[in-house]
Structures are given as structure tokens and as C-alpha cells.
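> Below: one structure in C-alpha cells.
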Amino acid sequence: MMNNNVKQKMMTKPKLAAGAVFVIADVECHDTVLALKYWQRLSKVVFVGKGEGTLFGFIVSERVFDETLFDKPALDDMAPDVAQVTFGNTMIYTFARFLKRGAWPIIGYQPVTDAEQQLTLHLVGSSLHFLDQNLGVVAAKDRKKYPNQALSFFGAVYYHINLLPPLT
């Protein structure tokens with residue numbers, strides 16, 4: 001039996017914001033199924049852009065979770081305590097389409113740490129960015145110090161996640 005708090009959460013549209021924790025599972029995109037190599041993962045939004053396409057950056061849980069863990073009827077009894085989930089340090093950037101359409105359901109929120117925010121320090125072309133702020137042009141000799149922002153479309157998101165080693 002699902003408690004009223006969980007029913008209410010599922011009926012209200014969760015807010016896409018930094019700290020949102022969501023489930024990444026297999027999803028159908030057009031005629032293709034994008035699948036994870038291992039079980040489901042939780043991810044946390046670290047950065048949400050202010051632009052039109054809603055670019056966002058997220059990190060992926062170190063642990064993988066059994067595929068039945070997030071079945072909606074069992075959500076109130078079986079879902080992990082979001083506050084206890086630990087996340088890796090690989091930042092993935094993509095668009096929020098799957099989040100906005102509910103294919104990657106938001107199941108809770110966890111504060112974004114300063115260390116996690118530092119993962120957003122990256123190059124876009126020759127400019128250094130932190131979160132959604134352009135910090136200016138970086139000299140060519142210093143560009144190797146920073147990662148390039150690699151924008152991943154949905155198939156590439158699954159590819160990158162599948163490269164991450166799972167902890168069970």
C-alpha cells in the first residue's frame with residue numbers, strides 16, 4: 001500500500017533544479033531502446049543552464065540498483081535513502097528532455113557540495129566556464145588543465161554511464 005506522501009510526490013511534477021536525484025534506467029527513444037549495461041543508476045543534477053534547451057550537468061551514483069527497486073508501487077517501501085547515496089566525479093552534460101517527460105523520474109533531492117560544483121569547471125571552446133558563468137578566455141598553454149565540455153546526446157549518455165564501473 002502506497003502512503004499518501006509518495007502518491008502526492010508522484011502526482012506533482014518534480015522541479016528540475018540542482019540537487020535533484022533521478023533514476024536512469026532503460027528508456028525507449030524513437031525506435032531504439034537505450035539500455036544500461038548494469039542495473040539502474042541514480043544521478044544528481046549539479047548544474048542547470050539558463051538557456052532554452054535546458055542543458056544540465058549531472059553525476060552518476062557509484063552504486064547500481066536492482067531494476068525492481070524503483071517500481072512505482074514499491075517506491076515508498078524500497079527506494080534507497082537519497083541522502084545516503086554517494087556519487088562519482090564524472091560530469092555528464094545533456095539536455096533535460098528525459099527528465100521533463102518523466103522517463104528519468106526525480107525521486108528526491110540532495111544538496112550539491114562545493115566539490116561537486118567544482119566538477120563544472122570546464123572549457124567551452126577557449127573559454128573557461130563554472131556552472132553557467134563564463135569566466136573568460138584561457139591562454140592556449142593553460143587549456144590542458146581543464147576538461148572540455150562534452151555535450152552528450154541521449155545515446156552517448158548511456159554509453160558514458162556504461163563505461164563507469166559499478167559498485168553493488
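Laboratory data are not the source of any read-out in this text; all were calculated from the coordinates shown. Everything numeric in this text was worked out from a predicted model, so none of it was measured. A quick note on method: Cβ atoms are made from the backbone with ideal geometry, for glycine too, and the neighbour counts reach across all protein chains shown.
> May I ask for the net charge around residue 30, where only other residues with Cβ less than 15 Å from the Cβ of residue 30 are counted and Lys, Arg are +1 while Asp, Glu are -1?
Residues near residue 30 contribute -1 overall.
> Using the per-residue mean of other Cβ atoms lying within 10 Å as a proxy for protection, in what order, highest first, do the peptides 142-148, 18-24, 113-119, 157-163 fall?
Ranked by mean Cβ neighbours within 10 Å, highest first: 18-24, 157-163, 113-119, 142-148.
> Would you mind calculating the gained length between residue 126 and residue 16 on full extension (0.36 nm times residue separation, minus the Cα-Cα distance), in nm to one decimal?
Gain on stretching residue 126 to residue 16: 36.7 nm.
> How big is the range 107-161 by Rg and Dmax over its Cα atoms, in Å?
Rg and Dmax of the range 107-161, Cα atoms, are 13.6, 43 Å.
> Any chance you could list the semi-axes, whole Å, largest first, of the equivalent ellipsoid that the Cα gyration tensor gives for the range 78-127, using √(5λ)?
24, 18, 8
> Can you sort 16, 128, 135 so the residue with the fewest Cβ neighbours within 10 Å comes first?
135, 16, 128
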